[in-house]
Structures are given as C-alpha cells and as structure tokens.
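To start, the structure itself, in structure tokens.
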Amino acid sequence: MSLDEADIAALFVTLKLAGLTTLILLLLGTPLAWWLARSKWRYKFLLEALIALPLVLPPTVLGFYLLITLGPNGPLGSLSQALGGPSLAFTFTGLVIGSVFYSMPFVIQPLQNAFAAIGSRPLEVAATLRASPLDRFFTIAVPLARSGFLTATVLGFAHTIGEFGVVLMIGGNIPGETQVLSIAIYDHVEALEYGQAHLLSGGLLLLSFLMLILVYAVNRRFSLVQQ
C-alpha cells in the first residue's frame, strides 16, 4: 500500500498550509501576546475571549462565517475582486486566512503564558543597564520564553494539520489546491478505501505524537535547567 498522486498532493498542500499559518501566527501573534502579557488594560479580557473563541466554537460555524466573509459578496472577497484578484473562497489563500483564525489560540496563548511567566524583574534589571524596550524584548524576553515559542509552533502546526470543518467550508475539496489530508482521509473512508485511510491516519497520528513528545521533553528539560 502506497500513497497515490492525489494523496501526495494533499500532503504537500497540508504541510504548506500548516507552515504558512504557523509562520504568520508567530509573526503577528508574538507582539500581540507580549502586549496581552504586559498590558494593564481593564478590558483586555474581551480580546482574550475573542482569541480563545475557536477553542469552543464549532469549526463549521467559524467556517460558515469565514465563507461569507471571503466569498464574492463578502467584505474581504469583494475587496480582493476590486483589486483585480479572485474571490478568496475556495482558494489556498482563503485556507490560510481561515487557518490563521482557527489556530490563533494555539499560538497566542502559549506565548502569552510564557511572557507572563518571565515577570517584571529581569526586564527592570535590563532597564537599569540602559537597555531599550526593543533590546529588552529580544535579549531578555524572547530567550526566556523559548519554551513558549516551541510549544506555540508545534501546537499551531499540528492543529492546522488536523483541520477539517473550517478548511472544508471555505476551501472545498479541490485536489492539488485546497484538498488537505483530513479531507483526503474522509474521501477514502467514503469510498471504503480503508487501507489508504489507515496509511494517512497512521502517519498523522505518529507525526502528532512525535511533536507532542518534543514539546514535553524540551519543556521538562527547560524546567530542570531553571531549577
């Protein structure tokens, strides 16, 4: 039993989607997580609740509203068309946008917790040595939060790989473009091709397990070093 061309294409689409989504979330989520960890704003819990919403919201609900937003009559879809581009629904770009929203809490929350755990003392000491806020962030906060960055990267990547409801709603099932592994597995099961479904599912199971082992092992080592 081996992967056919459609399965290999779905694998590449999935890895590309997970990689881009994780990179975007790290770039956008790091400053947001830093602000959430440091801010004393009274109503920041509203933003935290909004970020955490995908944790409790059914994926099809989020996918439905994203489909409306990215479609030709939606704000983002119509804007894309006005700029000379296509509607964002049922495109790989639309998948990336949807995945960013769906995987957001799995990246931002670990980063926020890691930044909050640093405390203010190391930053205050660096400030007395005339380190600028930017220097304090990159030379103090980022190295001390490296376990949080690892956790955020692995969870964001793994969660995106396992998406189904959201990507199906906004991307459909276009082989080589929007078909990801989770949808390919569903197609194999519908066709009673359990051997192919086992092969893809087993691969995802093993990959997810190894990534979690990496996170727990590194975090355990980091905790021992801190002690």
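All of the numbers you see were taken from the coordinates with simple rules; none came from a lab. Because the structure is predicted, anything quoted here is derived from the model rather than measured. Heads up, the Cβs are rebuilt from the backbone with ideal geometry, glycines too, and the neighbour counts pull from every protein chain shown.
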- line: When Glu163 is run through (1) among the charged types (D, E, K, R); (2) surrounded by fewer than 21 Cβ atoms within 10 Å (Cβ to Cβ); (3) part of a loop (DSSP other than H, G, I, E, B), the failure sits at (2)
- request: Considering only residues that are over 15 Å from Gly165 (Cβ atoms) and polar (S, T, N, Q), look in the range 55-74 and name the one that is nearest to the chain's Cα centre (by Cα).
  value: Thr69
Among (1) without any contact (Cβ under 8 Å) to a residue 24 or more places away in the chain; (2) polar (S, T, N, Q); (3) farther than 30 Å from Ile140 by Cβ - the single one Ser99 does not satisfy: (1)
Among the candidates Gly162, Gly172, Gly148, residue that is touching a Ser or Thr at 6+ places or on another chain (Cβ under 8 Å) and closer than 21 Å to Leu23 by Cα: Gly162
